[in-house]
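Asker: Handing you a structure now.
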Amino acid sequence: MGLLLLLTSTLLSSYFHPGRVVNAQQSFTIRDVTLSIEPSTDVTRDTNVTLRCQAIVSSSGQEPLSREYTIYKDSNTIYTKTSSTSEDLLYPLPEVRVSNTGKYKCAINIEGKQMTSQAKKLTVTGLSRPVLHLNKRVVSEGEELTASCTAPGETGFIFFYFYEDSKEIVEKQVNSNQAEAKLRFSSIGIHKIHCAYIVLVTPGSFKSNQSTSITVSVKELPVTVVLEISPPYKIYEGDQLVILCTMSNFGRTSESVHLYLSQGTRLLSTGSTKVNHSMVAQAKDPGEFECRLEMGNVVKVTTKTISVTELFSVPTLTMSPAEVFQKEYMTLTCKSESYASERLRKGELTYSLDPPQSFLMSKDNGVFFGKALLLDFNYTCVAQAKGVVKHSETLTVRPKVAVSIPKILVVGRAILGQPFKVLCQSDTGSLPINYTLLKDYTPLSTTSVKLPFQQALFTVNITNSNEINKYMCEAKNSHKEGLLSKRLNATVVVPLTDLILSILSNSQEISEGDYLYLICSTLGTPPITFKLYREGTEQPLYSTTSNLNNTSYEIPVLSKEHSGKYYCEAVNHANIVITSDPVIIEVHLALWKKAVIGGFSLVVLLVLLVAAVLYFRSNRGRETYSPPASKREAAAELSVKPSSPKSDDSLTVNLTHDTEVYNAATVKVDRAEVSVWSKRPPDADATNDEESSVVSSEPDVEYTEVVHPRPVDPARVPLRKGTDTVYSELQNSPHGAADHHDYGSVEYAELNGEQPEADHYYPEVNSYQDLPVPVD
């Protein structure tokens, strides 16, 4: 149980203290590891430096722990030691050098537990001066000497440099403090030699001072190089040249010897002791020759420049005329501008064309004549004399293509009164081509087409449609006369004018149920797009494109909703929108609706008139006449009809009782008021006079004769059998005007009977309680 508790305690201690290592016997922890540099981190060369590694370890036991120390420089292990004491580890760096500069760290390992100190940088300054040594100080040209350079006491990775008169000649890279180099000198005289070195220390480097300079004397070798050229003077093209390259005062030597003869960059010949070369002089070739001797590292060179007189100049090939068209005649002339007359006669210089199958004939020496081909062709002239051959530059003859008859056409549309473009072009023809626009053969403007995709465009403005046929164009690309096109033939778009909206109906008065045509017509060039609008709507009622100058829109059945203002718009390819004046359409009621309304009005008037007639008759009956009881009980029949076909306000009212007519009157209905009344005159004559006066002054008075049968009643007034005539008058006032005559509604009644008495008789007035009481 005790062992279990110990193990548990140990595991918990390891869990909560990860830096602590526990074994069955003794536990410890590494608290800290430090590295120090003594006497300082910045020291000079030859200083004795000590690296001290100190570790602080806490332990539960008394037994010493085995410690493994490791020293690092720039992450590289430089020293390892195992110790069982707690003393600091001391690592000496005696007489430090620049190569000791770097970053140092110390690490400790105890039974698998490790800890590393922080890095410390050691900087060492100062390098030793290099020492130069030469095995010879006097040498001949090309002779080799050995030079060694030493960096006393230095270690590490070192670069050595050797200099000749401040010019670097050799670089050596070694891991020691000494380097050797083999030196040769190509020029004679005095040369000063010195050396220096650089110690490479990551991440930088340190450069030493220069060594002491040593003087080397270089003597010239007795050997010389000789170059001879024949003939030496006045060399012409075609002359045979002999060139000799040799050396003299040549002693025996172990080095191999080589001679090289060259002209410019062209190597002519080589040899060991002598070079001989023969060639024909050419004026075009460089006139400088070189003879070169190479013996080991020794090089000797001699040069000579000659002047070669040109026997004849390079020929030139020309063509006339400067521009030629296909299958037209041309002349090629080949000629050298100059020649050496002292060495060459004119007849000795001949010319030819290359290639020989050029389809041209030789007209004279250097003159060739013939027709130009259909395609481009390259010609070269060859001039030769005394073995000298010269070629001219290549002449490319590009025969031009004659321009074809041009075409003239309108670009886009030709709109009357607006500028438009006219294009002139030919299907074939070499550029440049000059195009001229003409009107009735009078030139207006000229443009030159020089590029393949360029066009000859002209701006034209016409005021008459027939004017467009007066335009033509001319094309010309040679000295010949230009070619004319046909006359311009294109449709001229006339802008629209005079847009009118018309109405066509099946009746003079537009009424409901009728059909209607709206016709838009204009002047201008079709096709035309028409749009019909009704005011108050944005979208057109009707839209169409027509090849005619008019269009129509039908409303088959009219209604009141079709009333309103209408207008139309039109546009053609001139893109000028025009609008017509608006047209007002008023749709009236249908005839049957008018009849219904009129009939209803007549019924209303009939009712009113019947009521009025009954009322007045009732009052008159009480005053003048009382019908028999049997008659009163009989049914009454009332009929109303217009008194005149021309007047809706005059009605004829007939009141009948069975088959007998009691009263009849023509009634004139006023719009404001209807009034009917009757009055019997005192005598017939007075009534007739008043009637005559009324008739003469009022033309609208109408009379109706009413016949009343009169029964004999002896108890009342003796009457004779006969008839009484009643005249009624109704005044009609014009619609909307006041009636200035105080006629009112007057009924004149005259009763004429065949009475034996001379005087009239007026019956008394009786009242009947069974008649209807008038209502005001």
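Asker: Could we say that Phe185 is at pLDDT 90 or above, more than 30 Å from Asn100 (Cα to Cα) and crowded, with 16+ Cβ neighbours inside 10 Å here?
Answerer: Numbers: at pLDDT 90 or above: no; more than 30 Å from Asn100 (Cα to Cα): yes; crowded, with 16+ Cβ neighbours inside 10 Å: yes.
Criteria not met by Phe185.
Asker: For the stretch 93-109, which positions are open to solvent by 80 Å² or more (accessible area, probe 1.4 Å) and either touching a Leu at 6+ places or on another chain (Cβ under 9 Å) or charged (D, E, K, R) (or both)?
Answerer: Applying the first criterion (open to solvent by 80 Å² or more (accessible area, probe 1.4 Å)) to the stretch 93-109 yields 94-95, 103.
Those that are open to solvent by 80 Å² or more (accessible area, probe 1.4 Å) and either touching a Leu at 6+ places or on another chain (Cβ under 9 Å) or charged (D, E, K, R) (or both): Glu95, Lys103.
Asker: Right, something else. Restricting the search to the stretch 39-86, which residues are within 21 Å of Tyr104 (Cβ to Cβ), in a loop (DSSP other than H, G, I, E, B) and in contact with a Phe, Trp or Tyr (Cβ under 9 Å, 6 or more places away or on another chain)?
Answerer: Asp74
Asker: Are any of the residues in the stretch 550-562 more than 19 Å from Ile503 (Cβ to Cβ) and open to solvent by less than 50 Å² (accessible area, probe 1.4 Å)?
Answerer: For the stretch 550-562, residues more than 19 Å from Ile503 (Cβ to Cβ) and open to solvent by less than 50 Å² (accessible area, probe 1.4 Å): absent.
Asker: Same structure again: Leu241: in contact with a strand residue (DSSP E or B) (Cβ under 9 Å, 6 or more places away or on another chain) and either in a loop (DSSP other than H, G, I, E, B) or surrounded by 14 or more Cβ atoms within 10 Å (Cβ to Cβ) (or both), yes or no?
Answerer: yes
Asker: Name the pairs whose Cβ atoms lie under 8 Å apart, with the first residue in the stretch 582-603 and more than 14 Å from Leu558 (Cβ to Cβ) and in contact (Cβ under 8 Å) with a residue 12 or more places away in the chain, the second among the acidic types (Asp, Glu) and exposed (fewer than 11 other Cβ atoms within 10 Å of the Cβ), and 6 or more positions between them or separate chains?
Answerer: Between residues of the stretch 582-603 that are more than 14 Å from Leu558 (Cβ to Cβ) and in contact (Cβ under 8 Å) with a residue 12 or more places away in the chain and residues that are among the acidic types (Asp, Glu) and exposed (fewer than 11 other Cβ atoms within 10 Å of the Cβ), the close pairs are Pro582/Glu535.
Asker: Moving on to the next point. Which one is most open to solvent (accessible area, probe 1.4 Å), of the residues in the stretch 571-612 that are in contact with an Asp or Glu (Cβ under 9 Å, 6 or more places away or on another chain), in a loop (DSSP other than H, G, I, E, B) and closer than 29 Å to Thr529 by Cβ?
Answerer: Among them, the one singled out is Val577.
Asker: Further, regarding this structure: Within the stretch 321-339, can you find the residues that are outside any strand (DSSP E or B), of a type in the set (A, V, I, L, M) and surrounded by 15 or more Cβ atoms within 10 Å (Cβ to Cβ)?
Answerer: Passing the criteria: only Val324.
Asker: Determine whether Gln508 is at pLDDT below 95, within 38 Å of the chain's Cα centre (by Cα), part of a loop (DSSP other than H, G, I, E, B) and of a type outside the set (Lys, Arg).
Answerer: No: the conditions fail for Gln508.
This table checks each residue for (1) farther than 30 Å from Val201 by Cβ; (2) modelled with pLDDT under 90.
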{"residue": "Phe16", "(1), (2)": "yes, yes"}
{"residue": "Ala55", "(1), (2)": "no, no"}
{"residue": "Arg67", "(1), (2)": "yes, no"}
{"residue": "Ser84", "(1), (2)": "yes, yes"}
{"residue": "Leu90", "(1), (2)": "no, no"}
{"residue": "Val96", "(1), (2)": "no, no"}
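Asker: Could you list, in sequence order, the residues of the stretch 184-209 that are assigned to a loop (DSSP other than H, G, I, E, B) and not aliphatic (A, V, I, L, M)?
Answerer: Hits for the stretch 184-209 are Phe185, Ser186, Ser187, Thr202, Pro203, Ser208, Asn209.
Asker: While we're here: Which ones in the stretch 345-368 are open to solvent by 80 Å² or more (accessible area, probe 1.4 Å) and not in a loop (DSSP other than H, G, I, E, B)?
Answerer: Lys346, Met361, Ser362, Lys363, Asp364
Asker: If you don't mind, another one. Sort out which residues of the stretch 414-450 are under 32 Å from the mean Cα position of the chain (by Cα), polar (S, T, N, Q) and part of a strand (DSSP E or B), and write them in order of number. It would help to see each step written out before you state the result.
Answerer: The first filter runs over the stretch 414-450 and keeps only residues under 32 Å from the mean Cα position of the chain (by Cα), leaving 414-415, 418-425, 447-450.
Pick out the ones that are also polar (S, T, N, Q) and you get 418, 425, 447-448.
Listed by number, the residues that qualify are Gln425, Thr447, Ser448.
Asker: Which of the residues belonging to the stretch 147-166 are open to solvent by 20 Å² or more (accessible area, probe 1.4 Å), modelled with pLDDT of 90 or more and within 26 Å of Ile190 (Cα to Cα)?
Answerer: Thr150, Tyr161, Tyr163, Glu164 - these are the residues of the stretch 147-166 that are open to solvent by 20 Å² or more (accessible area, probe 1.4 Å), modelled with pLDDT of 90 or more and within 26 Å of Ile190 (Cα to Cα).
Asker: Then there's this: What number goes with the only condition from (1) modelled with pLDDT of 90 or more; (2) open to solvent by less than 70 Å² (accessible area, probe 1.4 Å); (3) under 57 Å from the mean Cα position of the chain (by Cα) that His391 does not pass?
Answerer: Only one criterion is unmet by His391, namely (2).
Asker: Which residue, of Val301, Val314, is open to solvent by 60 Å² or more (accessible area, probe 1.4 Å), assigned to a loop (DSSP other than H, G, I, E, B) and not hydroxyl-bearing (Ser, Thr, Tyr)?
Answerer: On inspection, the qualifying residue turns out to be Val314.
Asker: Since Val460 meets every condition but one in (1) more than 35 Å from the chain's Cα centre (by Cα); (2) surrounded by 16 or more Cβ atoms within 10 Å (Cβ to Cβ), which condition does it not meet?
Answerer: (1)
Asker: Further question on the same structure: Can you find a residue in the stretch 313-330 that is over 30 Å from Pro432 (Cβ atoms), β-branched (Val, Ile, Thr) and in contact with a Lys or Arg (Cβ under 7 Å, 6 or more places away or on another chain)?
Answerer: Scanning the stretch 313-330 turns up at least one residue that is over 30 Å from Pro432 (Cβ atoms), β-branched (Val, Ile, Thr) and in contact with a Lys or Arg (Cβ under 7 Å, 6 or more places away or on another chain).
Asker: Scanning for something closer than 30 Å to Thr579 by Cβ, charged (D, E, K, R), surrounded by fewer than 16 Cβ atoms within 10 Å (Cβ to Cβ) and in contact (Cβ under 8 Å) with a residue 60 or more places away in the chain, does the stretch 496-505 turn up at least one residue?
Answerer: no
Asker: Consider Cys520 carefully, then state whether it is open to solvent by less than 30 Å² (accessible area, probe 1.4 Å), within 30 Å of Glu323 (Cβ to Cβ) and out of contact with any Lys or Arg (no Cβ under 6 Å at 6 or more places or on another chain).
Answerer: Answer is no for this residue.
Asker: Of the conditions (1) modelled with pLDDT under 90; (2) crowded, with 16+ Cβ neighbours inside 10 Å; (3) within 17 Å of Asn297 (Cβ to Cβ), Phe206 fails just one. Which one is it?
Answerer: Status for Phe206: all satisfied but (3).
Asker: Looking at Ala414, is it of a type in the set (Gly, Ala, Ser), farther than 30 Å from Leu375 by Cβ and open to solvent by less than 30 Å² (accessible area, probe 1.4 Å)? Steps first, answer last, please.
Answerer: Working: of a type in the set (Gly, Ala, Ser): yes; farther than 30 Å from Leu375 by Cβ: yes; open to solvent by less than 30 Å² (accessible area, probe 1.4 Å): yes.
Yes, satisfied.
Asker: Can you tell me which residue in the stretch 110-146 is modelled with the lowest pLDDT, limited to those that are open to solvent by less than 40 Å² (accessible area, probe 1.4 Å) and over 30 Å from Phe162 (Cα atoms)?
Answerer: In this case the residue turns out to be Ile110.
Asker: Right, something else. Please specify each residue of the stretch 524-536 satisfying the condition of being in a loop (DSSP other than H, G, I, E, B) and open to solvent by less than 60 Å² (accessible area, probe 1.4 Å).
Answerer: Across the stretch 524-536, the qualifying residues are Gly524, Thr525, Pro526, Pro527.
Asker: Given the criteria in contact (Cβ under 8 Å) with a residue 24 or more places away in the chain and either open to solvent by 80 Å² or more (accessible area, probe 1.4 Å) or not β-branched (Val, Ile, Thr) (or both), does Asn434 qualify?
Answerer: yes
The values are calculated or read from the model by the stated rules, or taken from the named source; none is laboratory data. Fair warning: this is a prediction, and the values are worked out from it, not measured in the lab. Using ideal geometry, Cβ is built from the backbone for each residue, glycine included, and neighbour counts are taken over all protein chains shown. What goes into the accessible areas is simple: the full protein's heavy atoms, side chains included, and nothing from ligands, DNA or RNA. Shrake-Rupley method; radii C 1.70, N 1.55, O 1.52, S 1.80 Å.
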